[in-house]
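The values are calculated or read from the model by the stated rules, or taken from the named source; none is laboratory data. Every value quoted in this text rests on a predicted model; they were computed, and no experiment measured them. Here Cβ is always computed from backbone atoms with ideal geometry, including for glycine, and neighbour counts include all displayed protein chains.
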Amino acid sequence: MATVLRERVERLSCEFSIADNYFAWQAFGRSYSDPEAGPLPPYLKQAHFETIRARADRVEVLNRSFTEYLKSRPDRSLDRYVLLDAQDWMTDQQLNDLWAEITRTARPNARVIFRTAAAPSLLPGRIDDGVLTRWHYAAAQSRDLTRRDRSAIYGGFHLYVLAD
């Protein structure tokens, strides 16, 4: 684990310019920069404040699992899913329940992105083949997204596209 962490810290500090990487500012300084001193996430930039304020009423905060949320949605009603690294901590049953609901609610050409602690996708061998074969793993694009991920703390960034 120490080797993995060392490689990721090295990647964070050497492969991306600290001048425009707010992930590095947060990791090394435990805070974001002042607006004049360095980068900020787009949602913290003054230039975006009025847009965010005007659209804040569109945000719905729910305190339940994503799988439970998806169960409340109609078939083929969504086309984008962002899972971050939550799947790293799920059991096989939880993963299968989640992906069954993602697949049920996915519109044609839907996309799922997520990060993982390890480099390879954690889905093969854990998700039911009847569900997983409906999805195309964009391997080349996933490798490119992993390489470009400025957070540099994850082993993999993955993209799946509904194939049917």
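Remarks
- Looking across Asp75, Asp79, one residue alone is under 18 Å from Leu159 (Cβ atoms), acidic (Asp, Glu), not in a helix (DSSP H, G or I) and not assigned by TED's automatic domain parsing to the domain that holds Glu7. It is Asp79.
- Each residue in the stretch 1-32 was checked for being in contact (Cβ under 8 Å) with a residue 60 or more places away in the chain and of a type in the set (Lys, Arg), and 2 of them qualify.
- Top-ranked residue in the stretch 27-50 [being part of a helix (DSSP H, G or I) and either in the same structural domain as Tyr154 (by TED's automatic domain parsing) or touching a Pro at 6+ places or on another chain (Cβ under 9 Å) (or both); ranked as nearest to Thr146 (Cα to Cα)]: Leu44
- Whether a residue is under 30 Å from Asn21 (Cβ atoms), without any contact (Cβ under 8 Å) to a residue 24 or more places away in the chain and either not in a helix (DSSP H, G or I) or not assigned by TED's automatic domain parsing to the domain that holds Cys14 (or both) was assessed, and Ala118 does not pass this test.
- Pairs with Cβ under 9 Å, 6+ apart, first in the stretch 146-160 and closer than 11 Å to Asn21 by Cα, second part of a loop (DSSP other than H, G, I, E, B): Arg150/Glu15; Arg150/Phe16; Arg150/Asp20; Arg150/Asn21; Ser151/Asn21; Ala152/Glu15; Ala152/Phe16; Ala152/Asn21
- Inter-residue pairs, beta-carbon under 7 Å, first under 15 Å from Ala19 (Cβ atoms) and free of Cβ contacts under 8 Å to residues at least 12 places away in the same chain and in the stretch 33-62, second part of a helix (DSSP H, G or I) and of a type outside the set (D, E, K, R), 6+ apart: Ser33/Trp25; Pro35/Gln46
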